[in-house]
Amino acid sequence: MLRIDILRGPETTSFTLAGRLMGPWVGELENCWQSLIATEPSRAILVQLAAVTFIDSQGKALLTRMCRQGVRLVPTGCLMRAIVNEIEVEVKKEK
């Protein structure tokens, strides 16, 4: 199960995730992200990972695509920091 809370600020939209980013929930997060960039392509986006307990390979691939497109990933805790660090290193290598 994954909960996605969306908070629209004046300049930034935050997706706060809680639970497990895996399986069908990866598609749900992608749909939320794609809907936002379709309507507001220049809006800054943050993905808060504080309450995420697990990310599968599809979830990591989605977060990597999001990071490539300028989404800022905000981790909390050792596991999420390690995953985000891997993603950011991969994205930087591509540039």
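The values are calculated or read from the model by the stated rules, or taken from the named source; none is laboratory data. Small disclaimer: the values here were computed from a predicted structure and weren't measured. Cβ placement follows ideal geometry from the backbone for every residue including glycine, while neighbour counts extend to all protein chains displayed. Note: accessible area is taken over every heavy atom of the protein model, side chains too, but ligands, DNA and RNA are not part of it. Shrake-Rupley method; radii C 1.70, N 1.55, O 1.52, S 1.80 Å.
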Checklist entry - Pairs under 6 Å by beta carbon, first residue over 14 Å from L46 (Cβ atoms) in the stretch 70-95, partner surrounded by fewer than 15 Cβ atoms within 10 Å (Cβ to Cβ), six or more apart or different chains? => result V91/R68
Checklist entry - Residue check: is K95 among the basic types (K, R) and exposed (fewer than 12 other Cβ atoms within 10 Å of the Cβ)? => result yes
Checklist outcome for this item: Scanning the stretch 56-86 residue by residue, those open to solvent by less than 20 Å² (accessible area, probe 1.4 Å) and either assigned to a strand (DSSP E or B) or more than 19 Å from I6 (Cα to Cα) (or both) turn out to be T64, L73, M80, V84
Next on the checklist: Taking the conditions exactly as written (without any contact (Cβ under 8 Å) to a residue 12 or more places away in the chain and within 13 Å of the chain's Cα centre (by Cα)), does Q48 satisfy them or not?
Outcome noted: no
Checklist entry - Does T16 satisfy the criteria of being among the β-branched types (V, I, T) and at pLDDT 95 or above? => result yes
Checklist outcome for this item: Within the stretch 11-34, restricting to residues that are touching a helix residue (DSSP H, G or I) at 6+ places or on another chain (Cβ under 7 Å) and part of a helix (DSSP H, G or I), the one that is surrounded by the fewest Cβ atoms within 10 Å (Cβ to Cβ) is E30
Next on the checklist: Anything in the stretch 42-52 that is open to solvent by 40 Å² or more (accessible area, probe 1.4 Å) and modelled with pLDDT of 95 or more? List them, or say none.
Outcome noted: A44, Q48
